[in-house]
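This report refers to the structure that appears directly beneath it.
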Amino acid sequence: MKLILFIFCVTFSSFCFSQDYLFLKNGTEIYGSVLYINKAKVYFEDADTGDRKWHKKIEKLIDNVNENTIEYKVRDIDGLSSYLSGELVSGKASYYRIHKHVAGGQGYLSFYYIYKEGDKKAFKDLPNSLTTPFHKRLSKYFSDCPTLSKKIKSKVYNYSDTEEIIKFYNTNCSD
């Protein structure tokens, strides 16, 4: 019983005390918690002072969620340039997440983008489209890698495998 209680306490404390780091363009570093992200602004609670305030001139944000660390930056990529975007996968093809506030609600919608080096704009990776299904859109986007395109078309990969698709591309197709 004591062992179970100990494991619970260690697990619970790791979630409670996972902290975020905010790096401002003026060189200031703040340790604390992200409370809210809105485009390129962050509402952040300072762990030392308890102060909560909006920060606009952000160099980067290191967000620790469930022991996953994601670095958010405002990137110079059309489609992502006015938002803090978190890089989930990096390489010749990169995968990004942005948060948009739900108007009138108290939450976020997450949107995902893929960017291949040389593209003019990030590809918005929504699972559904009114005109073209996910498998058709992504197999066309990765048509420069016939092996991957075929796997996507034959539904070996689906929307929940997008990170794996991009990792496959970076490992097997980007030479």
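Entry note, segment 25-104: relative contact order of 21 percent, from Cα contacts under 8 Å with a spacing of 6+ residues. Counting Cα-Cα pairs of segment 44-125 in 5 Å increments starting at 0 gives whole-percent bin shares of 3, 13, 21, 24, 19, 11, 5, 3, 1.
Here segment 141-172 and segment 14-71 have alpha carbon centers that stand 33 Å from each other.
What's the FRET efficiency of residue 38 with residue 117 using the Cβ-Cβ distance as r and R₀ = 25 Å, to the nearest 0.05?
Working: r = 29 Å, r/R0 = 1.16.
Approximately 0.30, to the nearest 0.05.
Other residues with beta-carbon under 12 Å from the beta-carbon of residue 161 carry, at +1 per Lys or Arg and -1 per Asp or Glu, a net charge of 0.
Bear in mind that the values in this text are calculations on the coordinates, not laboratory data. These figures come from a predicted structure and were not determined experimentally. When we count neighbours, we look across all protein chains shown, and the Cβ atoms used for this are built from the backbone with ideal geometry, even at glycine.
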